[in-house]
Amino acid sequence: MRLVAGAVIAALLFGCAQMPLKAHAAPAPAVQTLELTLAERRTQVDFHLPAGTVPPRGAVVLAHGFTRDRRTMAGHASLLAEHGVLAVVPDLPFVTDSRSNARALSDLVARLRRGEDSIAVARVVLVGFSAGGLAALLAADAPGVVGYVGLDPFDRPGGVGRDKAATLMIPSRLVRAPSSACNAFSIAEPWTQALRRLEQDRIIEAASHCDFESPTDQLCQLVCGKTDPARQKAVRDALLQAVQRWLPSTVETALPPAH
């Protein structure tokens, strides 16, 4: 079954590369959903396949926020796939257990590097929103991970994320909202001092917590504040810049460090 799933995704990747294009039109990335066992639990995982790029530049794994699901990171995944990246979004299998979700993300990274469910990739970037930002940080020392992006991330009281950040040796970037109840009043701010290779800590003025997931919904905006297209674009641009820096294509040079 695993070989069949991998063959299906490989066929889609190569099929996208060989499909004739209409003038001035870019093909939409294909999405394949698989049920995988991560941290000993079955869960759904979406693979957003890069159109017209074989092999992918690398992979980005995106982790959603608390009580959310993989659909709330689909916009970010689609954007990255359009830029030649294999974007992978799981439903995190545990509701409140960040360490177990980190194990699930580590399992997924290992599968990607072995090519169990797609063409094998050597380099992976981990991205996480809110509580998913904590899970992704806890998994960011997995072999093959070359960068970490926290989108308005959350930490637990006591600073489990801060402690992990102090040991992390890969480059990282934070994109955050101002302090509010929905990011636990900037509870992850101590990461800015703990992360050893923090390339960027960007606070987007007046941002809502909901500006950092894509797409969001009315419930999030009711609880955490309205989104704004300009702020959402700023989040997307910051995410894309980080990924292009850490997963440069053969025709693009890595972007210079952010100041």
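The values are calculated or read from the model by the stated rules, or taken from the named source; none is laboratory data. The shown structure was predicted, so the numbers you read here are calculated from the model rather than taken from an experiment. With ideal geometry, Cβ positions are generated from the backbone for all residues, glycine too; neighbour counts draw on all protein chains shown. Quick note on the areas: whole protein, heavy atoms, side chains included, nothing else; ligands and nucleic acids left out. Shrake-Rupley method; radii C 1.70, N 1.55, O 1.52, S 1.80 Å.
Here is how the numbers come out for the structure above:
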{"quantity": "Full-extension gain in nm, Gln193 to Thr33, via 0.36 nm per residue minus C-alpha separation", "calculated": "53.8 nm"}
{"quantity": "Cα centroid separation, the range 179-207 to the range 212-253 (Å)", "calculated": "15"}
{"quantity": "Cβ crowding within 10 Å averaged over residues, with 60-73, 157-170, 105-118 ranked highest first", "calculated": "60-73, 105-118, 157-170"}
{"quantity": "Of all accessible heavy-atom area on the range 167-209, the percent that carbon and sulfur account for (1.4 Å)", "calculated": "51"}
{"quantity": "Net length gained if the chain between Met169 and Val146 were fully extended (0.36 nm per residue, minus Cα distance)", "calculated": "7.3 nm"}
{"quantity": "Amide H within-cut-off set for Ala63, under 5 Å, with H built and near neighbours excluded", "calculated": "Val127, Gly128, Phe129"}
{"quantity": "Where the range 92-139 is the region considered: accessible area per residue in Å², 1.4 Å probe", "calculated": "31"}
{"quantity": "Asp97-Glu116 pseudo-label distance in nm [points 7 Å out on the Cα-to-Cβ vector]", "calculated": "1.8"}
{"quantity": "Backbone HN-Hα couplings from phi across the range 126-141 [Karplus 6.51/-1.76/1.60, Hz, Gly and Pro as x]", "calculated": "9, 10, x, 9, 6, 5, x, x, 5, 4, 5, 4, 5, 9, 6, 8"}
{"quantity": "Phi-based couplings in Hz for the range 202-208 (Karplus 6.51, -1.76, 1.60; Gly and Pro marked x)", "calculated": "10, 9, 8, 4, 6, 5, 8"}
{"quantity": "Rounded percent of accessible protein surface that carbon and sulfur make up, the range 69-114, 1.4 Å probe", "calculated": "45"}
{"quantity": "Per residue accessible area in Å² of the range 161-236, where ligands, DNA and RNA are left out and the probe is 1.4 Å", "calculated": "51"}
{"quantity": "5 angstrom amide H check on Ala188, placed H, neighbours 5+ away", "calculated": "Asp155"}
